[in-house]
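Student: I'd like to ask you about the structure that follows.
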Amino acid sequence: MVKGNYERKISIKRFSLALILTCFVFLVGLLVGNTLTNQRTGYLEEIAYKQKLDYESLQLQSLYLDLSASNASCSIFNQILETSLNDVGTAQAKIDLYIKETSKDSYSELKREYTLAQVRYWLLNKRIKQACTGEHVSILYLYSNDDCVECGAQGTILSYLKEKLQDKLFVFSLDSDFDQEPMVSILRQTYNITKIPSIVIEDQVFDKLIGKADLIKEICSHYSEKPEICVN
């Protein structure tokens, strides 16, 4: 009887120790997770603040261009827009990755902020193109993170062409499934987007995967002075 009570006490101690260790590991994991989330959020908010300043600068440039139509200002505008789009695109890709790793609600407000940034830059770009004589092609790319086998391939092709054409090509990317932002739905309806991936090149819609050769041909048709990639 004494032996049974002794074994029972040992079992209780072992169970209690295991419970304490489990709780400790859980709390450490929770603390690390919260710290990581806060670091990620801080990083994304810092970029968001920078791109807002860049956008305000671009708006002022737009007003100035309306008055002066200066080619020098057009060049500066393109440089700032390209840098801003790169920052926004990088942050947007990180948000999509973080959403996959955590819950979709954790970063939804930040994703909405970056979605609006893409739309703002796209609209401002359309306005500036009317005042600037320099040539560049604008692409609105609608993708999906869910059940879109061809989106990865299309994104890779666009990244390749962006690398080759630099400031002669601007790509504005939107998650077509992100219904938290009404502008996404408005743009889908405006261009009658029913399939993903879809690409809008200077208001012309292509609602399927476009291969590299065909996409180069279509983009190059908008240049009067052909870049190197268009003549090779």
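Only the coordinates and a few stated rules stand behind these numbers; no lab work does. If you're wondering where the values come from, they're calculated on a predicted model, not measured in any experiment. Cβ placement follows ideal geometry from the backbone for every residue including glycine, while neighbour counts extend to all protein chains displayed.
Student: How many percent of DSSP beta bridges within the stretch 135-232 run antiparallel, rounded to 5?
Tutor: Taking every DSSP beta bridge within the stretch 135-232, about 50 percent pair in antiparallel fashion.
Student: Let me ask another. Ranking request for peptides 214-226, 164-176, 191-203: highest mean number of other beta-carbon atoms within 10 Å first, then the rest in descending order.
Tutor: Listed from highest to lowest mean packing, they are 164-176, 191-203, 214-226.
Student: Take the residue pairs 164/195; 129/162; 164/212; 126/168; 168/195; 129/168 and return only those whose Cα atoms are more than 23 Å apart.
Tutor: 164/195; 168/195
Student: When a/c reaches 1.5 or more, the comparison of a/b and b/c decides; with that in mind, is the stretch 127-232 rounded, prolate or oblate per its Cα gyration tensor?
Tutor: Oblate.
Student: Take each of the peptides 80-87, 181-188, average the number of other beta-carbon atoms within 10 Å over its residues, and list them starting from the highest.
Tutor: 80-87, 181-188
Student: Using a 10 Å cut-off around each Cβ, can you sort 149, 205 from fewest to most neighbouring Cβ atoms?
Tutor: The most exposed by this proxy come first: 149, 205.
Student: Here is a further query. For 129, 111, which order do you get if you count the other beta carbons within 10 Å of each Cβ and list the fewest first?
Tutor: 129, 111
Student: With a ≥ b ≥ c the root eigenvalues of the C-alpha gyration tensor of the stretch 129-177, is it rounded (a/c under 1.5), prolate (a/b larger than b/c) or oblate?
Tutor: Since a/c reaches 1.5 but b/c is at least a/b, the shape of the stretch 129-177 is classed as oblate.
Student: Using r as the Cβ-Cβ distance of residue 166 and residue 145, and R0 as 30 Å, what FRET efficiency do you calculate, to the nearest 0.05?
Tutor: 0.65
Student: Report the net charge of residues surrounding residue 142, where surrounding means a beta-carbon distance below 10 angstrom and charges are Lys +1, Arg +1, Asp -1, Glu -1.
Tutor: Residues close to residue 142 contribute a combined charge of -1.
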